[in-house]
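The values are calculated or read from the model by the stated rules, or taken from the named source; none is laboratory data. Since the model is a prediction, treat every value here as computed from it, not as a measurement. Using ideal geometry, Cβ is built from the backbone for each residue, glycine included, and neighbour counts are taken over all protein chains shown.
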Amino acid sequence: MIVGSLGALKQVRIKRFLAYTSINQIGFILLGIASCSFMGLLTAIMYLSLYIVMNLIFFSIFLHVEHAIVKKNVIYLSDLYGISYYSKESSIHLAITILSMAGLPPLGGFIGKLFIYFSAIEARLDFSLIITLAVSILSTYYYLNFVRYIFFEKRFEYKLYYYIKNAKLTFFLRIFSIFLVSFPMFLSIYFDFFIKMSFSCI
């Protein structure tokens, strides 16, 4: 997790950025497994499922953004300057995904990390928990920086990268984005059932 966070901090290429952030995210999944409890394993699987959804949204958008003239995909983070100007809806879906990866409430990624923290506390992994919290703060910075590139970076000329609209893909993005937003509410309704099921299997 430390290697992934420090490596992603200075990346300007999107593919390398995703590679290092994936290392960081896998660290959270391994933390749930390292708690050596059924609840830890269950939360690791839940976070892995959420991370798969987040990656599907990200790559669906990423692979459908191309240059207006040369028809090439985005390479650098700076290529995302002004992408919200050309496609506001896809930018919102991308922002939801990035903020969920950062683990900001009230999105699905926050709930996944929260339950992993609960498992680590129950297993008394105090040192690992402190490192994990520090890494989470660091990772929140570069994820928010990613959102800044999409919405808030002020340039006199927008880059000619735009999102290729696709009706089926747009429907897919809407469903998955709604899932990331509504998952915490769904889990809060069935929270007691989730806890009872966890402890009944111990």
Residue hits (the range 56-69; at pLDDT 85 or above and out of contact with any helix residue (DSSP H, G or I) (no Cβ under 8 Å at 6 or more places or on another chain)) are PHE59
Of the criteria (1) under 15 Å from the mean Cα position of the chain (by Cα); (2) closer than 19 Å to LYS15 by Cα; (3) not β-branched (Val, Ile, Thr), which one PRO105 fails
(2)
Grab the helices (runs of 4 or more DSSP H) fully contained in the range 1-91, keeping just those with 1 or more residues being touching a Pro at 6+ places or on another chain (Cβ under 9 Å), more than 24 Å from SER136 (Cβ to Cβ) and of a type in the set (S, T, N, Q).
none
Scan of the range 149-173 for residues that are at pLDDT 80 or above and either touching a strand residue (DSSP E or B) at 6+ places or on another chain (Cβ under 6 Å) or loosely packed, with under 14 Cβ neighbours inside 10 Å (or both), ordered by number:
PHE171
Complete set of residues in the range 61-75 that are surrounded by fewer than 16 Cβ atoms within 10 Å (Cβ to Cβ) and either within 19 Å of the chain's Cα centre (by Cα) or touching a residue at least 12 places away in the same chain (Cβ under 8 Å) (or both)
LEU63, HIS67, ALA68, ILE69, ILE75
Condition check for ILE111: modelled with pLDDT of 80 or more, over 19 Å from the mean Cα position of the chain (by Cα) and surrounded by 12 or more Cβ atoms within 10 Å (Cβ to Cβ)
no
List every residue pair whose Cβ atoms sit under 7 Å apart, with the two residues 6 or more apart in sequence or on different chains, where the first one lies in the range 36-60 and is over 18 Å from ILE98 (Cβ atoms) and the second, anywhere, is not in a helix (DSSP H, G or I).
CYS36/ALA123; SER37/ALA123; PHE38/CYS201; PHE38/ILE202; GLY40/ALA123
May I ask you to verify whether TYR143 is at pLDDT 85 or above, in a helix (DSSP H, G or I) and under 12 Å from the mean Cα position of the chain (by Cα)?
yes
